[in-house]
Amino acid sequence: MELLEREDSARSVVYTFPHLTIQEFVAAVAQFLNPHPTDILKFLTEAHSTTDGRFDVFLRFVAGLANPMTVRGLEEFLGPFPHQTTCRVIDWVKNEVQRQSGSTWSEAGKRSLLNTLHYLFESQNSGLAQSALGSVKTLSFPRMTLSPIDCAVLSHVIGLCDTIKHLDLEDCHIQCEGIQRLGPGLHKCQELRLEENDLGDSGVKLVSAALRNPECKIQKLWLFRVGLTDSSAEDLASALSTNASLTELNLGYNKLGDSGLKLVSAALRNPECKIQKLWSRAVRCSERSRSDVFPPVVRRGSFRRMCVTETPA
């Protein structure tokens, strides 16, 4: 009864859906069954142009219903969904993603792009995602609040598109659950900015797992002020010892302590480690440990140069 109310009359039966999500879904289905499919493009464009988010869920349902596999069960009851409408929705999603990907300089532009990426996610159409994002190399959402679902959408998109090289998620209020959703796609980025997020030790362990991925492409990694402590330093050190792509790492303003810093230092001295630049500004440790761990010398082997920027603890 929380989802459905029925009212019988002499002439008809009326169903009422108080639950807002069901209302959004029924509205999306109604658009596909509209006898005038040419109207849908104008309607979608007007709905997407609103800035208060009132049509976000509705539009995600519309994008999802454009997948033939998704609507197969519905067609048993409602009949076939018009192919022309499906094609129009797919083309609209593609055009919106391409249009929004070049306008992320403003907060509104970033939010609009994120919404269109949700449409791609709901469509579950890998060909559409690759076509829409074929020339996009950077996804940048600094200082936006990203939910775990947003993170799952980004991971899905990155997993489908090999062109995306740079992912900037600075200060996006991402915590352990968010980084867990991002995890499957992180290793594909060449430049990864996660600074100023409260990842904590659990989140850093998930990032370390991405670094251990045999197909990891990460070259530059920012873990500035992410809540890293000595509890996850062993995982990070293990990843640094075996990773063959990472050349720049920022660990500034984390509470590594003497034990954590020594573990990281041992990993940096491993001949397999490729890191050339390390930033450790204001890492919490003793001055003696700092001088022991980061002596101003040129490293041997693969360590051609190491630049350390630091301040006293």
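Summary of computed values
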quantity: Evaluation of Ser231 against (1) open to solvent by 60 Å² or more (accessible area, probe 1.4 Å); (2) within 14 Å of Ile174 (Cα to Cα) (one fails), failing number; calculated: (2)
quantity: Residue in segment 236-258 that is nearest to Val204 (Cα to Cα), counting only those that are in a helix (DSSP H, G or I) and open to solvent by 50 Å² or more (accessible area, probe 1.4 Å); calculated: Ser238
quantity: Pairs, first on the phi < 0 side of the Ramachandran plot in segment 29-42, second modelled with pLDDT of 85 or more and open to solvent by 70 Å² or more (accessible area, probe 1.4 Å), C-beta under 8 Å, six or more apart; calculated: Val29/Leu78; Gln31/Phe43; Leu33/Leu78; Pro37/Gln84
quantity: Strands (runs of 3 or more DSSP E) wholly inside segment 98-199 containing at least 1 residues that are open to solvent by less than 60 Å² (accessible area, probe 1.4 Å), among the charged types (D, E, K, R) and in contact with a His (Cβ under 6 Å, 6 or more places away or on another chain); calculated: 191-193
quantity: Tally, over segment 70-88, of residues that are touching a Pro at 6+ places or on another chain (Cβ under 6 Å) and either in a helix (DSSP H, G or I) or basic (Lys, Arg) (or both); calculated: 2
quantity: Some residue of segment 202-225 being within 23 Å of the chain's Cα centre (by Cα), at pLDDT below 95 and open to solvent by less than 40 Å² (accessible area, probe 1.4 Å); calculated: no
quantity: For Ser208: the one exception among (1) over 19 Å from Cys172 (Cβ atoms); (2) among the small types (Gly, Ala, Ser); (3) part of a loop (DSSP other than H, G, I, E, B); calculated: (3)
quantity: Among (1) touching a residue at least 40 places away in the same chain (Cβ under 8 Å); (2) under 30 Å from Val226 (Cα atoms), the one test that Val89 misses; calculated: (2)
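The values are calculated or read from the model by the stated rules, or taken from the named source; none is laboratory data. Here the structure is a predicted model, which means the values were calculated and not measured. Every residue, glycine as well, gets a Cβ built from its backbone with ideal geometry; the counts of neighbours run over all protein chains shown. With ligands, DNA and RNA removed, areas are computed over all heavy atoms of the protein, side chains included. Shrake-Rupley method; radii C 1.70, N 1.55, O 1.52, S 1.80 Å.
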